[in-house]
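Comments concern the structure below.
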Amino acid sequence: MLRDITIGQHFPGNSVVHRCDPRLKLIATIAYIVVLYSCGNAVGVALSVLLLVALYALAKIPYKLILKSLRPIVPIIIFTSVINLFFITGEGEPLVSFWIFKIYPEGVSFAVLMAVRVIALIAGTSLLTYTTSPVVLTDAIENLLRPLAKLHLPVHEFAIIMTIALRFIPTLIDETEKIMNAQKARGAQLDTGKLSQRMRALVPILIPLFLSAFRRADELAMAMECRCYRGGDGRTRLKVLRFTRTDALCALFCVVTFGIILATRWIFPNL
């Protein structure tokens, strides 16, 4: 299960999506999330999913990787769908009625749309990290937040903290799996027993995991100090971000595509 979590991993490539300006990809990802939850019909959600499928195909990222990354959030998707299934009421007769629960056609359609939206949300945000290296992503975040530096906010430090946290997710997942395998080899029952027993069995995992995380943080801080890291003041970059003509075309494509998806809200109001 832990191997299925791919958040924070980067898959190098030479596609248009990989070469696109990271600032544009970051803004486009946020805009995609807004558009995804703003379009209130099935047509808009379907177009959002088709756009995502096309971008993954363009970036040459295998679809089985997406299915693998979605497996850990299946309980969240099911829980969200069930909540919407039972608590969305309609005007007509219910499809199913038992005890105090009633399932309406509106509830079924809304539950399906919500499940698809959650899947598209995870896949859309994962595409950003799949196609953008942590270093470049740090530069993009810092560049976009640069106006806040005039308010004496530590923009560079904030960007580097976010990127380091994102980068260390796969590392901590691997560390957790190693600790779990070591505990199982010593006879620990992590997957069997009652819920209370499973929670108690997690204690021998959490303690060494926290110790490992603090040790890695201390090693990283020492390595940064040895390289004379002093924050963002006076720092230069090996690769300066430049907005090219290709990026402008990609931005135009995003604006047109998102506009079409939002327009379906008024073109197909009953779907």
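The values are calculated or read from the model by the stated rules, or taken from the named source; none is laboratory data. None of these values were measured; they are calculated from a predicted model. Methodologically, a virtual Cβ is constructed for each residue, glycine included, from the backbone with ideal geometry; neighbour enumeration extends over all protein chains shown. Quick note on the areas: whole protein, heavy atoms, side chains included, nothing else; ligands and nucleic acids left out. Shrake-Rupley method; radii C 1.70, N 1.55, O 1.52, S 1.80 Å.
Descriptive notes on the structure:
- Average accessible surface for the chain: 64 Å² per residue, computed with a 1.4 Å probe over protein heavy atoms with every protein chain in place.
- Carbon/sulfur fraction of accessible area - the stretch 1-138, other protein chains in place, 1.4 Å, %: 74 percent
- Straight Cα distances below 19 angstrom link K184 to the lysines K194, with same-chain residues fewer than 8 positions distant left out.
- The listed residues M180, M199, M162 rank as M199, M162, M180 when sorted by accessible area, largest first, using a 1.4 Å probe.
- FRET efficiency, K68 to V112 (Cβ-Cβ, R0 22 Å, nearest 0.05): 0.50
- Overall, the chain carries a charge dipole of about 620 debye about its Cα centre when +1 sits on the Cβ of Lys and Arg and -1 on the Cβ of Asp and Glu, all other atoms neutral.
- One way to sum up the overall shape of the stretch 100-213 is the equivalent ellipsoid from its Cα gyration tensor, whose semi-axes run 34, 30, 14 Å, largest first.
- With a Förster radius of 22 Å applied to the beta-carbon distance between E157 and R19, the computed FRET efficiency rounds to 0.20.
- Per-residue HN-Hα couplings for the stretch 141-147 [Karplus 6.51, -1.76, 1.60; θ = phi - 60°; Hz; x = Gly/Pro]: 4, 5, 5, 6, 8, 4, x
- Net dipole in debye of the stretch 1-81 [+1 Lys, Arg Cβ; -1 Asp, Glu Cβ; about Cα centre; nearest 20]: 240 debye
- Local charge for T244 was computed over the other residues whose Cβ lies under 15 Å away, with Lys and Arg +1 and Asp and Glu -1, and equals +4.
- Sequence ranges 123-132, 32-41, ranked by mean other-Cβ count within 10 angstrom, highest first: 123-132, 32-41
- Nearest-0.05 FRET efficiency for A223 and K150, computed from C-beta distance (R0 30 Å): 0.45
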